[in-house]
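Student: Just passing along the structure, written as structure tokens.
Throughout, read-outs are computed from the coordinates displayed, never taken from laboratory work. What you are looking at is a predicted structure, and each value in this text was computed from that prediction instead of being measured. Every residue, glycine as well, gets a Cβ built from its backbone with ideal geometry; the counts of neighbours run over all protein chains shown.
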Amino acid sequence: MTVPHLPPRRRNSKARNLALAIFFFILGVIGVLVPVMPQVVFFVMSALFFSLVFPSFRRRLRKWRHKYPKFDASYRKWRDRSRRKRQHNIRTRRQEAGGGRQARDK
């Protein structure tokens, strides 16, 4: 009995990522001007989306992370926790789709 595969994940286009980066950047600027609205969250989201579009921005972001190891450690902890959660969800879906058979990716 074969385990049905999950549908492949769609890759986001560069245009969509660029539009989201600009959108979050504009929200961050509005957050600077309006005291009620937060700005840091929007600037962080903007930086993440810009890093998906521009490799040079990704390299600068990586250098910044290495320059500030406390932020880098927090980022790695968050990334690893998210990765484990995502892998757990994938395994759970495969088990449900496969009738209880456990599929391991090793």
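Student: What does the extension gain come out to for Arg83 and Val29, with contour length at 0.36 nm per residue minus their alpha carbon separation?
Tutor: Stretched fully, the Arg83-Val29 segment lengthens by 16.4 nm.
Student: Hey, what do the phi angles of region 56-65 turn into as Karplus ³J(HN,Hα) couplings, whole Hz, using 6.51/-1.76/1.60 and θ = phi - 60°, x for Gly and Pro?
Tutor: Values, residue by residue: 5, 5, 4, 5, 5, 5, 5, 5, 5, 4 Hz.
Student: Now for a different question. Calculate the tail of P(r) for region 13-57: the fraction of all Cα-Cα distances greater than 12 Å, expressed in %.
Tutor: Details: 548 of 990 pairs.
Cα-Cα pairs in region 13-57 separated by more than 12 Å: 55 percent.
Student: What FRET efficiency, computed as 1/(1 + (r/R0)^6) with R0 = 22 Å and r the Cβ-Cβ distance, is obtained for Arg91 and Ala19, rounded to the nearest 0.05? Before the final figure, lay out each step's value.
Tutor: Values: r = 33 Å, r/R0 = 1.52.
Efficiency, from the Cβ-Cβ distance: 0.10.
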